[in-house]
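Quick note: the coordinates plus some simple rules give every number you see, no bench work behind them. Just so it is clear, the structure is predicted and the values come from calculations on it, not from any experiment. So basically every Cβ, Gly included, is an ideal-geometry build from the backbone, and we count neighbours across all protein chains shown.
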Amino acid sequence: MVNETIQLGKGLTLKNPVMTASGTFGYGEEYADFIDLTKLGGILVKGTTLNHREGNPYPRMAETPSGMLNAVGLQNKGVDYFVETIYPRIKDIDTNIIVNVSGSTIEDYCAVAEKVNALENVPAIELNVSCPNVKQGGMAFGVTTTGIEQVVSAVRKVYDKHLIVKLSPNVTSIADLALAAEASGADSVSLINTLLGMAIDAEKRRPKLSTVTGGLSGACVKPIALRMVWQVAKAVKIPVIGLGGISSATDAIEFLLAGASAIEIGTANFIDPTITVKVAQGIVEYCERHGFKNVSDLTGALEINS
Ligand SMILES: Cc1cc2nc3c(=O)[nH]c(=O)nc-3n(C[C@H](O)[C@H](O)[C@H](O)COP(=O)(O)O)c2cc1C
């Protein structure tokens, strides 16, 4: 028997390392016809903001070779709707329900975090710091160490459960941003969010997305995500959650070997809605084949100089 439990610290224990990535799995209930949700380590729900957001105009998705671009723009009905309507429906699912928190100002992030702090069956939030800071010219909070320090330390003051900070890959040195998150009170970091990309319809001579640029995700981003997870895991002492293009158990294992303690699966859910449980099973089979008693023993087990 392989022990699949993952301790991420500060009140967050996963029954296995496989979670879903925010924005690709709705509130979990949308997938209940396909998989047993209790077989997941955790469900990261859709990005939640203080107020209702319509998201960006259509078209806001475009397929790319081995991936996709999206510019959904955090469409959601706001945190109060989540608390009053969604939470009662999903709170008793026997897995970790984690809210992905997004905002346009530090005050917004704090207001959402405070409201979610009061929800007994939400053990953690994931702070999406890839959002534009409207008070400072629209540059994302997460692309400077100062931006990260400001938002993470402010949220830390109002949120006392497990705080995951989700890092943007659109930076020069992601390890520096991870260190800033750790120093400001993050309990763990997750990475990567989408990479800024663009697609053009040459026949129409128009961009494929209404916003011109959008976030690239899926199998095509995996080598970049893996490299960043490896760099961050070497830099910080807090647990690292790896994601970006994971589409198979082998992909997930690569992230664990690179230093991740757990993983999230995003775009691959659109291709195979049962992929999460297949990946969890595949990780166990790998451990059996290679004689690992604990899935947690895979973390950082990469051998570089033999
Ligand atoms: C349609 C779509 C919506 C997303 N929405 C969010 C979101 O609300 N908050 C967030 O932090 N990340 C969001 N993401 C990013 C994913 O959670 C994930 O970080 C990224 O897609 C890389 O993982 P993947 O290649 O496995 O999809 C979204 C991604 C997609 C494709």
* To do: Say whether the condition of being in contact with an Asp or Glu (Cβ under 8 Å, 6 or more places away or on another chain), among the aliphatic types (A, V, I, L, M) and under 25 Å from Val116 (Cα atoms) is met by at least one residue in the stretch 184-195.
  => yes
* Structure fact -> Considering residues that are over 18 Å from Val45 (Cα atoms), of a type in the set (A, V, I, L, M, F, W, C) and surrounded by 21 or more Cβ atoms within 10 Å (Cβ to Cβ), the number found within the stretch 247-279 is 7
* To do: Filter the strands (runs of 3 or more DSSP E) completely within the stretch 211-299 down to those with at least 1 residues that are within 24 Å of Gly11 (Cα to Cα), under 18 Å from the mean Cα position of the chain (by Cα) and in contact (Cβ under 8 Å) with a residue 24 or more places away in the chain.
  => 240-242, 262-265
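Looking at this structure, is Asn16 away from the ligand (no atom under 15 Å from the Cβ), touching a strand residue (DSSP E or B) at 6+ places or on another chain (Cβ under 9 Å) and not in a strand (DSSP E or B)?
Details: away from the ligand (no atom under 15 Å from the Cβ): yes; touching a strand residue (DSSP E or B) at 6+ places or on another chain (Cβ under 9 Å): yes; not in a strand (DSSP E or B): yes.
For Asn16, the condition - away from the ligand (no atom under 15 Å from the Cβ), touching a strand residue (DSSP E or B) at 6+ places or on another chain (Cβ under 9 Å) and not in a strand (DSSP E or B) - is met.
Please verify whether the stretch 54-76 includes one or more residues that are farther than 30 Å from Cys220 by Cα, within 16 Å of the ligand (Cβ to nearest atom) and out of contact with any Pro (no Cβ under 8 Å at 6 or more places or on another chain). Walk me through how you get there before you give the answer.
First pass over the stretch 54-76, keeping only residues farther than 30 Å from Cys220 by Cα: none.
No, because not a single residue in the stretch 54-76 is farther than 30 Å from Cys220 by Cα, within 16 Å of the ligand (Cβ to nearest atom) and out of contact with any Pro (no Cβ under 8 Å at 6 or more places or on another chain).
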* Asked: If Pro88 passes every condition in (1) under 25 Å from Leu179 (Cβ atoms); (2) free of Cβ contacts under 8 Å to residues at least 60 places away in the same chain but one, which one does it miss?
  -> (1)
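Would the stretch 194-213 turn up any residue that is basic (Lys, Arg), more than 30 Å from Pro57 (Cβ to Cβ) and surrounded by fewer than 19 Cβ atoms within 10 Å (Cβ to Cβ)?
Taking the stretch 194-213 and keeping what is basic (Lys, Arg), we get 204-206, 208.
Those still in the list that are more than 30 Å from Pro57 (Cβ to Cβ) too: none.
Scanning the stretch 194-213, I find no residue that is basic (Lys, Arg), more than 30 Å from Pro57 (Cβ to Cβ) and surrounded by fewer than 19 Cβ atoms within 10 Å (Cβ to Cβ), so the answer is no.
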* Asked: Only one of (1) within 28 Å of Val112 (Cα to Cα); (2) more than 16 Å from the ligand (Cβ to nearest atom); (3) touching a residue at least 24 places away in the same chain (Cβ under 8 Å) is not met by Met139, so which one is it?
  -> (3)
* For Thr105, state whether it is of a type in the set (Val, Ile, Thr), on the phi < 0 side of the Ramachandran plot and away from the ligand (no atom under 13 Å from the Cβ). => yes
* Structure fact -> Pro65: passes all of (1) of a type outside the set (Asp, Glu); (2) touching a residue at least 12 places away in the same chain (Cβ under 8 Å); (3) farther than 27 Å from Ile246 by Cβ; (4) out of contact with any Leu (no Cβ under 8 Å at 6 or more places or on another chain) but (3)
* To do: Look at Ala180 and say whether it is surrounded by 22 or more Cβ atoms within 10 Å (Cβ to Cβ), away from the ligand (no atom under 15 Å from the Cβ) and among the small types (Gly, Ala, Ser).
  => yes
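Name the single residue, out of those in the stretch 156-177 being touching an Asp or Glu at 6+ places or on another chain (Cβ under 9 Å) and within 15 Å of the ligand (Cβ to nearest atom), that is nearest to Ala111 (Cα to Cα).
Quick first cut of the stretch 156-177, residues touching an Asp or Glu at 6+ places or on another chain (Cβ under 9 Å) only: 158-159, 161-166.
After this cut, where a residue has to be within 15 Å of the ligand (Cβ to nearest atom) as well, the list is 163-166.
Working: Leu163: 15, Ile164: 17, Val165: 16, Lys166: 18 Å.
Once the filter is applied, the top-ranked residue is Leu163.
Let's see how each residue does on (1) out of contact with any Gly (no Cβ under 7 Å at 6 or more places or on another chain); (2) within 15 Å of the ligand (Cβ to nearest atom); (3) farther than 24 Å from Gly142 by Cβ; (4) aromatic (Phe, Trp, Tyr):
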| residue | (1), (2), (3), (4) |
| --- | --- |
| Lys208 | yes, yes, yes, no |
| Leu216 | no, yes, no, no |
| Gly245 | no, yes, no, no |
| Ile263 | no, yes, no, no |
| Gly282 | yes, no, yes, no |
